[in-house]
Amino acid sequence: MKASEDIKPISYVKAHAAELIRDLGQEPRTLLITQNGEAKAVLQDIKSYEQTQETLALLKMLAQSQKAIAEGRTRPTEDVFAEIRQEFGLGGS
């Protein structure tokens, strides 16, 4: 479906809610909902929503990792594994 067809006024959503929900379940996409000609909300199938949330969570973890590196809050991998080996009595290197 074309992006221009994925923009719907609120009046259309009100009149065709069941149809839109059914269509979103069959063809995953995001609809932009307008009110008085201005973008106000989005309507999205659940799988796309969940994927978006997972992506945002991963990006947040990446940003936190980059901040930790920039602040010097990291340790060499070798030190971490040596500590784990010592704690669990695994010995060796």
Q) How many of the residues making up segment 1-41 are under 22 Å from the mean Cα position of the chain (by Cα) and of a type in the set (A, V, I, L, M)? A) 9
Q) What number of residues within segment 28-71 are of a type in the set (S, T, N, Q) and more than 25 Å from Tyr12 (Cα to Cα)? A) 7
Q) Within the set of pairs 6+ apart or on separate chains, which have a first residue in segment 31-60 that is among the β-branched types (Val, Ile, Thr), a second that is at pLDDT 95 or above and in a helix (DSSP H, G or I), and C-beta atoms under 6 Å apart? A) Ile33/Ile10; Ile33/Val13
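Could you list, in sequence order, the residues of segment 47-75 that are of a type in the set (Asp, Glu) and closer than 22 Å to Arg29 by Cα? Before you say what the answer is, go through the steps one by one.
Our first condition is that a residue be of a type in the set (Asp, Glu); within segment 47-75, this holds for 50, 54, 71.
Answer for segment 47-75, where residues must be of a type in the set (Asp, Glu) and closer than 22 Å to Arg29 by Cα: Glu50, Glu54.
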Q: For segment 55-63, indicate whether the set of residues that are at pLDDT below 95 and β-branched (Val, Ile, Thr) is non-empty.
A: no
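The values are calculated or read from the model by the stated rules, or taken from the named source; none is laboratory data. A quick note: this is a predicted structure, and the numbers were derived from the prediction, not measured. Reconstructed Cβ throughout: ideal geometry from the backbone, glycine too, with neighbour counts over all protein chains shown.
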